[in-house]
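Notes for the one structure printed next.
The values are calculated or read from the model by the stated rules, or taken from the named source; none is laboratory data. Treat the numbers as computed from the prediction; the structure is a model and nothing was measured. Cβ placement follows ideal geometry from the backbone for every residue including glycine, while neighbour counts extend to all protein chains displayed.
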Amino acid sequence: MAFSSPMKNSNSRSSGFLCLLLLASSLALVDAARADNILTNPGFESDPGPSQNIVGWTRYGPNDYNETNSPARTGSNYFKVYQAFTGMVNSSGIYQDNISAPGVVFSANGWAYTLSTDKVAGQNAVWIEVTFRDAQMKILALYRSAVITTNTIATGKFPVNQWINLPVTNQYDPNTFAITNTTANLVAPAGTSFVRYQIVFQGDANNSNGSMYFDDLTLNRSQGAAMGNWNIVWSDEFNGAAIDTSIWAFDIGNGSGGWGNNELEYYTSSFQNAYVSGGLLNIVARQQSMGGRNYTSARMKTQGIFSKTYGRFEWRAKFPQGAGFWPALWMLGTNINSAGWPACGEIDVMENNGSSPTNVQGSIHSGSDATKVYTLPGSSVTNFHSYLLEWTPNAINWFVDGLLYESQTNWSSSLGAYPEPFDRPFFLIMNLAIGGNYLGNPSTNTINAGSAFPATMQVDYVRIYDQTSPLQISLTRSNSNVVLTWPTNIVCHLQAQTNINASGLTTNWFDLNTATSPYVTAPSSGVFYRLASP
């Protein structure tokens, strides 16, 4: 935002649950692995028509298409790619970037097909590739499937006119591109920010013919939570009976004529405009006269209370649709009163023009602005989505539902050389504005005709992650008692369970609300403990 009921996600991406069974003479550790395909639109079925958007994927090269019907492996759609015919070596394909972290383990594959009448020819080569990259896009680890060439087709290793599974199992040195290992486990190395799944059609300089089809692509996260060693160090889950005023303050009024944006609302701290209910924060815009304005709403901030430099900042939220609505989740430098705007820096994690409910925008403002609009795949801002910003010393990345769509690695500021001003503490802001420059300054009549009041912006949680030591329980003995300890810099709480069902699994966990680390207790047969975060 320029300055001029769903349930809580019980499976937090920050961690799983670590369980301890305390017995008088033994200790049992319980953990569980998970496997799920994290790719968006892996079978290309989210592109009706097709419209050639190839939803969820970024295209490169001129000749990549979403095709329909035969010979789709499943469903009705598949992806077709062939070379660029430029008279030089070239590449075409698609890729998708998903959030990851060091230590997370993946497996990957995809189904490929080439027609006997249009099979890969000449020196063309095709493969599936998985890379782990840091926040500045540098490749840290490289894995590929078998490479499809004229030779593999001629020798029958890759048959024509049938779908062939291509597992990604060959590990390469990312500097020399030499194969160093064969493994089904693709491990994110230290420094990993995201994982890229990519289809590559490398065309030769002889303009050789041949095309390749792909369908039913898979990138399974087989071990570890998506966030890996990123753990929640600050959060508001909005589970209380009221807004926590030890965390949040309110802007009041219209900010000397619309907060520098010609906004039309009057911000209040009234319960009518901001309240907590059912585990959700509700910010409500009303058609209500106050302070010479025709609308009221709320803008909440942590200014003067809490600020942070670097980390992963995540909101789960939904927003109203309408011609006058301008919801935003954003951050400002704490030195705004002394440096002014935009020198203090501004990071827009998410903002939306209510007239375009399928689009969200991420931006930075520092004197040299940068921005990108993202189209939600088959959805809109009226549904809950995760909006996450990864902010490191030299890069700022934007994710929606774990999918990376924007990266900024260069900017300038009147305060000094790069990376100013995005190397200082910032505070958080959430608001629902009415009208203003961002929306094209719609008139009151236009807003009233195109928007339904009251309109509500809902926030499920706000979470900030840092890379920390693991979230785990340690156990020691003290005389006849046992002592449980766990990290105090991670947002978590202790839970207990005494019942085991017929399958040997615990059920009906309950919070030990007063338990703090270290927690001293007597050994008891059949008692389980675990940490839950948040």
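Quick notes on this structure:
- The residues of region 352-362 that are assigned to a strand (DSSP E or B) and surrounded by fewer than 22 Cβ atoms within 10 Å (Cβ to Cβ), listed by number, are Asn359, Gln361.
- In this structure, Phe79 qualifies as outside the structural domain of Thr371 (by TED's automatic domain parsing), out of contact with any helix residue (DSSP H, G or I) (no Cβ under 7 Å at 6 or more places or on another chain), assigned to a strand (DSSP E or B) and modelled with pLDDT of 50 or more.
- Here Arg299 meets the list (1) surrounded by fewer than 23 Cβ atoms within 10 Å (Cβ to Cβ); (2) within 26 Å of the chain's Cα centre (by Cα); (3) of a type outside the set (A, V, I, L, M) almost entirely, failing just condition (1).
- Taken together, Ser269, Ser289 contain a single residue that is outside the structural domain of Val104 (by TED's automatic domain parsing), of a type outside the set (D, E, K, R) and either modelled with pLDDT under 95 or assigned to a loop (DSSP other than H, G, I, E, B) (or both), which is Ser269.
- Note on region 450-482: residues that are at pLDDT below 95 and aliphatic (A, V, I, L, M) total 4.
- Residues of region 523-534 that are small (Gly, Ala, Ser), outside any strand (DSSP E or B) and either touching a Ser or Thr at 6+ places or on another chain (Cβ under 7 Å) or crowded, with 16+ Cβ neighbours inside 10 Å (or both): Gly526, Ser533.
- Residue in region 231-264 that is nearest to Ile283 (Cα to Cα), counting only those that are hydroxyl-bearing (Ser, Thr, Tyr) and at pLDDT 95 or above: Thr245
- Residue check, Ser211 under 30 Å from Trp57 (Cα atoms) and of a type in the set (S, T, N, Q): yes
- Being of a type in the set (A, V, I, L, M, F, W, C), surrounded by fewer than 17 Cβ atoms within 10 Å (Cβ to Cβ) and either closer than 29 Å to Ile396 by Cα or in contact with a helix residue (DSSP H, G or I) (Cβ under 7 Å, 6 or more places away or on another chain) (or both) holds for only one residue in Ile247, Ile283, and it is Ile247.
- Thr446 being polar (S, T, N, Q) and touching a Gly at 6+ places or on another chain (Cβ under 9 Å): yes
- The residue that is nearest to Asn513 (Cα to Cα), counting only those in region 259-274 that are crowded, with 18+ Cβ neighbours inside 10 Å and not polar (S, T, N, Q), is Ala274.
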